[in-house]
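One structure below.
The numbers here are math on the coordinates, done by the rules we state, and not lab data. Computed from a prediction, not measured in an experiment: that's the story for all the values here. When we count neighbours, we look across all protein chains shown, and the Cβ atoms used for this are built from the backbone with ideal geometry, even at glycine.
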Amino acid sequence: MAEGKTVRSITGSQTTAGAAEETVNLTLDGGAPAAAIAVGVGSTLTITDWIVTTEAPARWRFQQANDGVTFFDIFLLRSAADGTIGVNLGTGIVVNGGANVLVRVRVETPAGAAAVTTSLRGYTAP
């Protein structure tokens, strides 16, 4: 890891309430769970890989908001069955920080309630 970069671990685990899409509560480096993670002014978050595990088919969305409210998709995953999927993102997903920049993960389990787990690994740089 180059100088000035801090390795980050963003994780979340829960049982979905049903078939509707919902936000996965995330922890940053083992901190308190939150619906979204802030990417501060002057910082860049780079996600290098994303791993998801479900006990049923699921649709995943990694989303960003630049205004703290309006989220948009920046990467999508789909797991067709029970199991784990991992994606190495090569150069990574880059999120440039700002006063109101947030990231979050949404999941939909069309077959109903299911246990889901997500892990986003990467780094921040000033």
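Data for the structure
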{"quantity": "Extension reserve of the Leu76-Ala34 stretch, reckoned as 0.36 nm per residue once the Cα distance is removed", "calculated": "13.1 nm"}
{"quantity": "Packing rank of 110-116, 52-58, where each peptide gets the mean count of other beta carbons within 10 Å, highest leading", "calculated": "52-58, 110-116"}
{"quantity": "Dipole magnitude of the chain about its Cα centre (Cβ charges: Lys, Arg +1; Asp, Glu -1), debye to nearest 20", "calculated": "140 debye"}
{"quantity": "Peptides ranked, highest mean first, by Cβ atoms within 10 Å: ranges 26-39, 96-109", "calculated": "96-109, 26-39"}
{"quantity": "³J(HN,Hα), Karplus 6.51/-1.76/1.60, whole Hz, each residue of the range 111-125, x for Gly, Pro", "calculated": "7, x, 4, 7, 6, 9, 9, 9, 9, 10, 10, x, 7, 10, 9"}
{"quantity": "Per-pair calculated FRET efficiency, R0 = 22 Å: Asn66 and Ala125 via Cβ, rounded to 0.05", "calculated": "0.75"}
{"quantity": "In order through the range 98-106: 3J(HN,Hα) via Karplus (6.51 cos²θ - 1.76 cosθ + 1.60), integer Hz, x for Gly, Pro", "calculated": "x, 4, 10, 7, 10, 10, 8, 10, 10"}
{"quantity": "Paramagnetic label zone (point 7 Å from Cα along Cα-to-C-beta, Ala115; backbone N under 14 Å) in the range 22-65", "calculated": "53-56"}
{"quantity": "Nitroxide proxy distance, nm - points 7 Å out along Cα→Cβ at Ala17 and Asn88", "calculated": "3.9 nm"}
